[in-house]
Amino acid sequence: MHVTVIGAGSMGHGIAQVSAMAGHEVTLNDVDDERVRAGLEGVEANLAGGVERGKVTEAEREATLANLTGESDLTAAAAGADLVIEAVPEVMDLKTEVLGEAAAVAAEDALLASNTSSLSLTELASALPDPARVVGVHFFNPPHIMPLVEVVLAEQTAERTERRAVEYVEGLEKDAVVVRDSPGFASSRLGIALGLEAMRMVDEGVASVPDIDTAMREGYNHPMGPLMLTDLVGLDVRLDIAEYLRESFGERFRPPQVLRRKVAAGHLGKKSGEGFYVWEDGEAVGPSDEASR
C-alpha cells in the first residue's frame, strides 16, 4: 500500500516510520525540502536508537529506510496514494486544504485520514470530496513507541472505511480503539482533564511539578506524569485543545493561568527547550524555575 503522510514533524515522521516498518511504501511530505529532510533524519535517529537498544535489527532499519521517501510537493507526494494521513497543525482550514489537494490526485478509493487529536471529523469530512472515505487515525506521541491508535468515525464514515482503517492500524502491530466523533474523542478528553487539573495544582502551590508527576507515575502506574506529557505534546497544542473543549463542554476545561503564561512566554515544552521542565538534548534535566516553586 502507498501511504502518504502530510507533515514531517514529530507525529508525522513517526507515523511515516511505523508505516514503512510495516512494509508500506511511504512518502513523507512537508512544505519545503528542509522540513522533509528534518523529518527523514528524525526517522533515521529513531531507528538508530532502536538498533542500539536491541529493539530494531539492522535489516529492519535498512528495509524501513528503503520503503521511505520524502517529497515537498504535495501533488507529487500524494499521486496514486492508497492512504493519505495528515499530521499538520490543529487548524481545520489547513487540514481540509491539504487533504482536499491530496484527494484530487490520490487513488480513487484512497482513505483520507486525519491525525487530529480533538477537531471534529464530521466537519472535516463535510469539506472533502466523498466524505465516506474520511476517518481519524489518532496516533500517540511518539508513534513508534506508543501502542494505541484511536480510529475516529465521522458521521459520514462508511463501514468499509472503518474496516480498512482498523486493518491498517492492526497491520502496524498497534491496538485500535474505535470511537465516534465527539470533541476530544476518548483519549484527549480524558488526558486533557487530568493535565489541566495538574496545572491548577501548580498554580495553587499544592505540590511541585516533579512531585505531581511522581504521584501519578508511582501511585497510579502511569508511564509518565501529566505535566511531563504536556511538555512532550506541546503546551500550545494543549492550550488549543483546552480552548476547543471549553467551547464544547464549558468551564471545566478552562485553561489554567500557568498554561497561558508559559505559552505566551514561548515555553512550549520539549520542542522549545522549556515548559514545565527544562530540556537539553531531548531529555528533561529538571523542572523550570516557575515549576519548581
Original post:
How much of the accessible area of the chain, in percent, comes from carbon and sulfur atoms when a 1.4 Å probe is used?
Top reply: 49 percent
Subject >> From the coordinates shown, Cα extents along the principal axes in Å corresponds to which of (i) 56, 45, 33; (ii) 69, 48, 33; (iii) 53, 52, 39 >> reply: (i)
Original post:
What base-10 log of the normalised intensity I(q)/I(0) is obtained for the stretch 199-289 from the Debye formula, alpha carbons as equal point scatterers, at q = 0.13 Å⁻¹?
Top reply: -0.42
Subject >> Farthest positive-ward along the stretch 145-255 dipole, Cα basis, beta-carbon charges - from Gly195, Ala176, Ala207 >> reply: Ala176
Original post:
Points 7 angstrom from Cα along the Cβ direction at Ala207 and Arg254: gap in nanometres?
Top reply: 2.4 nm
Original post:
Hey, if you put +1 on the Cβ of every Lys and Arg and -1 on every Asp and Glu Cβ in the stretch 40-106, which of Leu47, Leu65, Ala79 ends up farthest toward the positive end of that dipole?
Top reply: Leu47
Original post:
Taking a probe of 1.4 Å, how large is the accessible area per residue of the chain, in Å²?
Top reply: 46 Å²
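Ignoring everything except DSSP H segments at least 4 long, calculate the 222 nm mean residue ellipticity for the chain; use -39,500 (n - 2.57) per segment, divide by total residues, nearest 500. All intermediate terms of the calculation are to be shown ahead of the outcome.
On the way: 12 runs with 137 residues, N = 293.
Mean residue ellipticity, 222 nm, calculated: -14500 deg cm²/dmol.
Place a +1 charge on the Cβ of each Lys and Arg in the chain and a -1 charge on the Cβ of each Asp and Glu, then give the dipole magnitude about the Cα centre in debye, rounded to the nearest 20.
On the way: 25 positive and 50 negative charges, 173 e Å.
Value, rounded to 20: 820 debye.
Please work out how many pairs of lysine residues in the chain are eight or more positions apart (or on different chains) and have Cα atoms closer than 23 angstrom. Please report the intermediate quantities before stating the final value.
Values: Lys55/Lys174; Lys95/Lys271; Lys262/Lys270; Lys262/Lys271.
So the count of such lysine pairs works out to 4.
The values are calculated or read from the model by the stated rules, or taken from the named source; none is laboratory data. All of these numbers come straight from a predicted model, not from anything done at the bench. Please note: Cβ atoms are built from the backbone with ideal geometry, for glycine as well, and neighbour counts cover all protein chains shown. Side chains are part of the model used for accessible areas, which takes the heavy atoms of the whole protein and leaves out ligands, DNA and RNA. Shrake-Rupley method; radii C 1.70, N 1.55, O 1.52, S 1.80 Å.
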